[in-house]
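Inspection log for the structure reproduced underneath, given as structure tokens.
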Amino acid sequence: MAELATIARPYAEALYQVAKKHDVKTWGQQLDALALVAQDADLRSFADNPKVTAEQVFVIMTAAAKQTLAPELQNFLRAVIDNGRLSALPAVVEQFHVLANAAAGVADAQIFSAYPIEPAQLADVVATLEKRFGRKLEAHVQLEPALIGGIRVVVGDEVLDTSVKARLDRMKVALTA
């Protein structure tokens, strides 16, 4: 994992430097689409096939991303494919977002919830979490039914777990101690 981070860092920094001259948010959305496509195991095995050209991989990736990529992003994707770094693309995109969020004074908040959260509820939750963590948050919600109820929030290396599962685990420890 550290190796992917080491590979991804220079790509992410270069991407961010170019994106600052354009629209960072739009670039982030386009990169998210590319990262999603790059995570597909079938695509990666296709790209690793020695009979497949880099241009074929590029065409399939751009078609699967269903995004009109900026010319600079097209060049970036070609460089990633040519250098055999397709497996590092999700890590590059993740580090790109870290750089963009740091520049904007925002942190990513991964919210795990047992049930779907309505937009109005999410706004209230985010406002409360921003007070709790002391910074602006960009929330990403992921369903995790095993929590039974409540939420678990991960912001960087901080975790706030108010789920029913966590409470039950704490009760179990207290009763068995």
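The values are calculated or read from the model by the stated rules, or taken from the named source; none is laboratory data. Just so it is clear, the structure is predicted and the values come from calculations on it, not from any experiment. Don't worry about glycine lacking a Cβ; one is built from the backbone with ideal geometry, like all the others, and counts go over all protein chains shown. These accessible areas exclude ligands, DNA and RNA; they are computed on the full protein's heavy atoms, side chains included. Shrake-Rupley method; radii C 1.70, N 1.55, O 1.52, S 1.80 Å.
For the stretch 82-177, what mean projected area does the convex hull of the alpha carbons give, in nm²? Mind dumping the intermediate values first?
Values: hull surface 35.8 nm².
Spelled out: convex hull of the Cα atoms, projected over all directions, averaged, 8.9 nm².
What's the center-to-center distance, using Cα atoms, between the stretch 139-166 and the stretch 109-129 in Å?
Result: 10 Å between the Cα centres.
Working with all protein chains in place, sort THR68, THR53 by solvent-accessible area computed with a 1.4 Å probe, largest first.
Working: THR68 125, THR53 70 Å².
Final ranking, largest accessible area leading: THR68, THR53.
Residue by residue through the stretch 72-77, which ³J(HN,Hα) values in whole Hz follow from phi under the Karplus form 6.51 cos²θ - 1.76 cosθ + 1.60 (θ = phi - 60°), with glycine and proline marked x?
5, 5, 4, 4, 4, 4
Which lysines have a Cα lying under 26 Å from the Cα of LYS136, excluding residues fewer than 8 positions away in the same chain?
Partners within reach: LYS20, LYS21, LYS25.
Give me log10 I(q)/I(0) at q = 0.15, 0.17, 0.22, 0.24 Å⁻¹ for the stretch 14-79, Debye formula, one equal scatterer per alpha-carbon, no solvent.
-0.47, -0.60, -0.92, -1.04
If I take R0 = 41 Å and measure r between the Cβ atoms of LYS25 and TYR115 in this structure, what FRET efficiency does the formula 1/(1 + (r/R0)^6) give, to the nearest 0.05?
Values: r = 29 Å, r/R0 = 0.70.
My answer for the efficiency is 0.90.
Pop out the ³J(HN,Hα) list for the stretch 103-116 in order, Karplus 6.51 cos²θ - 1.76 cosθ + 1.60 with θ = phi - 60°, rounded to Hz; leave Gly and Pro as x.
Residue by residue, the stretch 103-116 yields 5, 8, x, 10, 10, 6, 10, 8, 9, 9, 10, 6, 10, x Hz.
If amide hydrogens are placed 1.01 Å from N in the peptide plane, which non-local residues have theirs closer than 5 Å to the one on ALA107?
The list, which skips near neighbours in sequence, is LYS136, LEU137, GLU138.
Report, by chain and number, residues whose modeled amide H sits under 5 Å from the one on ALA114, excluding near sequence neighbours (fewer than 5 apart, same chain).
GLU144, GLY150
In degrees, nearest 10, range 0 to 90: what is the angle between the Cα axis of helix 119-133 and the longest Cα principal axis of the chain?
Orientation of helix 119-133: about 80 degrees from the principal axis.
Once the Cα atoms of the stretch 1-127 are picked out, what are the Rg and Dmax in Å?
Considering the stretch 1-127 through its Cα atoms, Rg and Dmax are 16.1, 53 Å.
Residue by residue through the stretch 49-58, what is 3J(HN,Hα) from phi via Karplus (6.51 cos²θ - 1.76 cosθ + 1.60, θ = phi - 60°)? Round to whole Hz and write x for glycine and proline.
Listing the rounded values in order: 5, x, 7, 8, 7, 4, 5, 5, 5, 4 Hz.
What nm distance separates the two modelled labels at ILE148 and ASP82, each placed 7 Å from Cα along Cα→Cβ?
Result for the modelled spin labels: 5.6 nm.
In the stretch 1-77, with Lys and Arg counted as +1 and Asp and Glu as -1 at Cβ, which of these residues, MET61, VAL18, VAL37, has the Cα nearest the positive end of the dipole, that is, farthest along it?
VAL18
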